[in-house]
Amino acid sequence: MSDKYDLVVIGGGPGGYVAAIRAAQLGMKTACVEKHSALGGTCLNIGCIPSKALLNASEKYAEAEHHLGDFGIEVSAPKLNVKKLMEKKTEIVTGLTDGIGFLFKKNKVDWLQGTGKVTAPGKVEVTPAKGKKQTVECDKILIATGSESTPLPGVEVDEKQIVTSTGALELTKVPKHLIVIGGGVIGLEMGSVWKRFGAKVTVVEFLDRIVPTVDQDMGKRFKRVLEKQGIEFKLSTKVTGAKTTKTQVTLTLEPAAGGDTEELKGDVVLVSIGRRPYFESLGLDDLGVERDKRGFIQVDEDYQTNVSGIFAIGDAIPGPMLAHKAEEDGIAAVEIMAGQSAHVDYNLVPNIIYTWPEVASVGQTEEQLKEAGIEYRKGVFPFSANSRARANADSEGQVKILADKKTDRVLGAHILGPDAGTLIHEICAIMEFGGSAEDVARTCHGHPTLSEAVKEAALAVDGRPIHI
Ligand code: FAD
Ligand code: NAD
């Protein structure tokens, strides 16, 4: 039996590893149990980072193929070496995951490599892939075991022909026809990657629109941009089964409301219909840890479950299933354990889709404001009127800012456009401070920058944009 810890974190993803480091900074003797051979969780190993590496590479490819010539830069047609691409992606991932090991050593966090099981409050059994089990004792346990891809009955994943995002990040060649089930974030990011590299891409979506949680007007514009890039959509459609041969997958489709079936054939199918919390072999049910209807662990405002001394964060609990939300949860949870006050406002967690153009949003959508009966004013500014976007010949999209009609307080912002994921943070900061559209409008923005489109949208809230 090892020495007693103040805190044992189970799961070394962005929620767990960040919580462990912060706990150690706060003086807690901390261990992190992670079963995978590398730290970093879904995000670093099979999520955010490898997907962004492929998105970035495919953007460069598309740039060389379609855009450099417009500036008189003549290059021969790009040729993709998938093996080299994947090696580079792995190098990037390994560099970052090794970095967490270094941060653990620096902060004196013990990494207990193995599968964690909570046998009782204050007791965690760790089973390594090889070797003997050990039980560690602690004052508090923090569950950060993350999530996994939601399966679709009748469409069995083999990670070769029928893949989740994990398989879509590991393909050994460009598919001829990639069928994506689910027009959400993963489907559109991975669909964009393989489309740019030459695949035909068809997205089958159950609802009558893609990215259903995004502001609807932005979602419609986004779909049109993706269609211009050649991605095809079949909306209001459900997949009822899949048949696989060596080279082909045949999906059976049916209108969501019922009706005649049709077949759709492709060589690779990506199932991306959402993610669900993951607790395999954790022993939660034996301990009576309460979960909600969708399976997420229920926690109070201190991130504590109904079982005293057991806490949970990140994808394992309700809220946006995002790496930065998991990190904020982790920091808040351990600061509260240390007696500090902390709170994460999920309304201010930015949501970014890393396609090109990007889609970024924070706060409320127009639909949510209407439903809540909140009166608002809206300022919209297109990138086609922004000088930097024009200089870059990359001016698709717009900035939309929503502000309270009476107080002018910013209630939400939605950006479709180049670098939207960076631009949104100005609005996150203003909303964090309870600022107004006028505050953004009166802030001096550098010229020529894409950020000026945010300032102009803020001016447009009051009907006084300069460049439209
Ligand atoms: P996870 O990162 O899932 O980590 C959980 C860890 O717990 C894993 O390492 C797992 O091995 C370990 N574990 C589980 N059970 C046990 C056990 N019993 N014992 C020991 N260890 C255990 N989010 C963004 O914000 N931006 C993005 O760009 C983005 N891109 C994504 C792309 C893809 C393809 C996917 C799939 C997800 C993406 N996400 C993105 C979501 C993001 O990855 C998750 O929200 C985030 O990783 C959640 O962090 P977490 O710490 O809660 O859990
Ligand atoms: P998602 O919730 O973003 O999208 C799922 C889509 O599938 C929705 O449009 C939904 O209507 C549709 N759908 C559900 N059931 C269906 C069915 N049976 N047939 C057809 N369509 C169906 O889920 P995702 O794309 O799998 O991603 C999971 C989560 O991972 C995201 O919600 C996000 O939290 C995280 N993620 C974030 C990023 C990012 O921040 N850029 C990138 C990737 C993943």
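Quick note: the coordinates plus some simple rules give every number you see, no bench work behind them. As the structure is a prediction and not an experimental result, all values here were calculated from the model. A quick note on method: Cβ atoms are made from the backbone with ideal geometry, for glycine too, and the neighbour counts reach across all protein chains shown.
Taking Lys and Arg as +1 and Asp and Glu as -1, the other residues whose beta-carbon sits under 12 Å from that of Ser149 total -1.
When both region 263-310 and region 63-104 are represented by their alpha-carbon centers, they are found 33 Å apart.
Take the Cα of His447, step 7 Å toward its Cβ, do the same at His66, and the gap between the two points is 3.2 nm. Each Lys or Arg adds one and each Asp or Glu subtracts one; over the other residues with Cβ under 12 Å from the Cβ of Ser37, this totals 0. I'd like the distance between the alpha-carbon centres of region 228-245 and region 161-224, rounded to an integer number of Å. Each part reduced to its Cα centre gives a spacing of 10 Å. For region 205-314, applying the loop criterion from DSSP together with a ceiling of 12 other beta carbons within 10 Å to the trypsin sites (Lys or Arg not before Pro) yields Lys246, Lys293, Arg294. When you filter the GluC sites (Glu not before Pro) in region 89-179 for DSSP loop state and at most 13 other Cβ atoms inside 10 Å of their Cβ, you are left with Glu156, Glu159.
Summarising the label geometry, the points placed 7 Å from Cα in the beta-carbon direction at Thr150 and Thr244 lie 2.2 nm from one another.
For Lys195, what is the net charge nearby, where nearby means another residue's Cβ is under 13 Å from its Cβ and Lys, Arg count +1, Asp, Glu -1? Result for the neighbourhood of Lys195: -1. So, in Å, what gap is there between the alpha-carbon centers of region 398-441 and region 12-37? Result: 34 Å between the Cα centres.
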